[in-house]
Amino acid sequence: MSDYLSSWDILIIGGGPSGMMAAAAAAGEGDLRVALLEKNSSLGCKMRITGGGRCNLTNVATSDNFFSNIPGNAKFLIPALSVFSGKSCIDFFRKLGVSTKVEEEGKVFPVSDQANDVVEGLKEYLVRKRVDILDQIKVSELIVEQSVCKGVVTENGNRYFAKKVILATGGASYPATGSTGDGYLLAGMVGHSIKNAIPGLVPLVFRDSNIAKNVQGISVPKATITLLKGNKKHSTQKGDIIFTHFGLSGPAALKISREVSSLVNQGDEIILLIDFFSENKDEELLNKLSTLAGQQPKRKLLSILKQLIPDRLAVLVFQMLRLDLDKNAGETGKVVLRKIIDYLKKFPVELSGTRPLKEAMVTVGGIATKEVNPRTMGSRLIEGLYFAGELLDIDGYTGGYNMQIAFSTGWLAGMSAKESIS
Ligand SMILES: Cc1cc2nc3c(=O)[nH]c(=O)nc-3n(C[C@H](O)[C@H](O)[C@H](O)COP(=O)(O)OP(=O)(O)OC[C@H]3O[C@@H](n4cnc5c(N)ncnc54)[C@H](O)[C@@H]3O)c2cc1C
């Protein structure tokens with residue numbers, strides 16, 4: 001291959017949202033030669049399945065709210081988000097012909113409800129800006145000489161040279177989409193520290209699967225779930241939950257999963273307390289249950305409880321508390337009623353952990369942010385090397401935050417690489 005054919009000004013590795021946005025920023029108005037290398041045969045494989053195929057591409061939350069939805073290293077993102085915000089993202093896509101709409105909780109989707117339209121819009125822009133899109137090329141090594149990045153080596157041994165290289169290879173979740181954690185190896189080989197990659201935004205698994213099977217399919221709105229480490233409260237989330245055949249899913253469970261993953265990693269015993277009635281105080285509930293019991297003394301206590309919670313959950317509570325299924329409400333004292341309410345406010349389940357990384361919506365951990373300049377996304381160790389997207393140790397909750405992280409860091413990396421050349 002001639003030098004011209006194998007060398008560029010800026011080389012971007014990974015054709016997900018962060019890599020594509022980096023290429024868009026790098027190509028922009030200038031005349032730099034930019035190439036995007038992707039190991040799959042098409043760009044944005046993961047992006048096409050985001051938001052259930054609709055792509056929740058950002059969120060219109062105010063900046064405070066935005067950062068509170070980024071539990072992993074939010075501060076690092078301040079410069080990137082100020083250069084390319086949620087609003088910039090909406091404007092950018094509108095100019096590409098992808099109009100968006102805002103749904104509940106500020107989530108932004110394309111009006112067409114088609115994630116493919118977002119990917120294709122970006123791709124067409126890159127083609128118009130004459131970015132060389134080289135697919136089915138897997139990068140297996142970075143070329144670094146005297147702490148300067150000079151290019152990459154591909155799996156089949158080709159060497160591609162560039163003045164600047166942007167690594168945007170994603171995390172390690174949903175590996176079938178191409179995100180197999182290659183970036184951790186590539187950056188690790190040139191001296192970057194990698195914070196352990198663990199699953200985030202993933203369902204929780206109960207140690208006793210029988211508990212889960214008994215209540216599978218039951219959903220509870222506005223529950224509060226609290227994670228205990230030892231006997232101490234570790235973290236809490238409030239939101240809808242749904243029991244599955246192995247454990248717990250739903251927004252609150254997904255949000256707390258990054259904490260569960262990290263405790264599993266530390267080898268701790270993990271207890272989750274579920275408050276099924278987080279909107280009601282204990283005494284209020286106790287009064288409600290005793291009033292119901294007082295009004296129907298001849299009915300079984302179990303059927304009274306079923307007036308408050310789903311049938312199978314009521315049976316499970318009886319089993320767990322070893323209560324007599326045949327006892328009438330009129331024969332039940334306040335101590336037992338209080339015991340039931342205490343249980344419903346602090347329903348304890350032991351967790352064995354979470355579903356695996358390959359099923360997680362996001363990877364927690366990644367390239368240590370202290371080794372990356374947040375104002376440029378440039379490596380503090382290797383000159384000419386930049387990072388963008390989920391391979392960095394940053395993660396957000398559901399709601400469009402992870403896609404915006406990818407877009408903002410991608411844009412900043414692309415702009416910085418371009419400005420450092422021109
Ligand atoms: C099911 C699911 C639904 C989601 N829904 C949403 C949502 O609605 N909203 C939201 O904000 N977030 C969502 N996310 C998270 C979001 O998709 C990711 O955070 C985002 O895609 C990360 O972008 P990225 O560019 O950093 O990495 P990726 O999208 O993972 O892209 C990395 C790219 O690099 C390529 N690559 C990897 N290694 C190499 C190599 N060695 N050589 C060349 N190329 C390589 C990969 O093939 C891939 O195309 C969802 C995730 C999943 C799994």
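Some observations on this one:
- Enumerated strands (runs of 3 or more DSSP E) restricted to region 309-422, each holding at least 3 residues that are within 11 Å of the ligand (Cβ to nearest atom) and surrounded by 17 or more Cβ atoms within 10 Å (Cβ to Cβ): 362-367
- Those residues of region 148-169 which are touching an Asp or Glu at 6+ places or on another chain (Cβ under 6 Å) and either more than 14 Å from the ligand (Cβ to nearest atom) or farther than 17 Å from ILE10 by Cβ (or both), in sequence order: VAL148, VAL153, LYS163
- Test set (1) surrounded by fewer than 16 Cβ atoms within 10 Å (Cβ to Cβ); (2) part of a strand (DSSP E or B) - PRO297 fails condition number: (2)
- Subset of region 166-206 [over 15 Å from LEU142 (Cα atoms), aromatic (Phe, Trp, Tyr) and over 16 Å from the mean Cα position of the chain (by Cα)]: PHE206
- Complete set of residues in region 254-291 that are among the β-branched types (Val, Ile, Thr) and either crowded, with 16+ Cβ neighbours inside 10 Å or not assigned by TED's automatic domain parsing to the domain that holds GLY333 (or both): ILE256, VAL260, VAL264, ILE270, ILE271, ILE274
- From the list ASP324, ASP311, the one residue that fits, being more than 43 Å from the chain's Cα centre (by Cα) and without any contact (Cβ under 8 Å) to a residue 24 or more places away in the chain, is ASP324.
- Residue in region 170-190 that is away from the ligand (no atom under 16 Å from the Cβ) and in contact (Cβ under 8 Å) with a residue 60 or more places away in the chain present: no
- Looking only at region 66-91, residues that are over 15 Å from ASN402 (Cβ atoms) and within 15 Å of the ligand (Cβ to nearest atom) come to 2 in all.
- Boolean, ILE78 is of a type in the set (A, V, I, L, M, F, W, C), assigned to a helix (DSSP H, G or I) and loosely packed, with under 15 Cβ neighbours inside 10 Å: yes
- The listed residue being part of a loop (DSSP other than H, G, I, E, B), in contact with a strand residue (DSSP E or B) (Cβ under 8 Å, 6 or more places away or on another chain) and not basic (Lys, Arg), out of GLY171, GLY183: GLY171
- Top-ranked residue of region 29-48 - restricted to ones that are touching a residue at least 24 places away in the same chain (Cβ under 8 Å) and out of contact with any helix residue (DSSP H, G or I) (no Cβ under 7 Å at 6 or more places or on another chain), ranked as farthest from the ligand (Cβ to nearest atom): ARG33
- Lone qualifier among LEU122, LEU142 - being within 14 Å of the ligand (Cβ to nearest atom), part of a helix (DSSP H, G or I) and touching a residue at least 12 places away in the same chain (Cβ under 8 Å): LEU122
The values are calculated or read from the model by the stated rules, or taken from the named source; none is laboratory data. Computed from a predicted structure; not experimentally measured. Cβ: placed from backbone, ideal geometry, glycine included. Neighbour counts: every protein chain shown.
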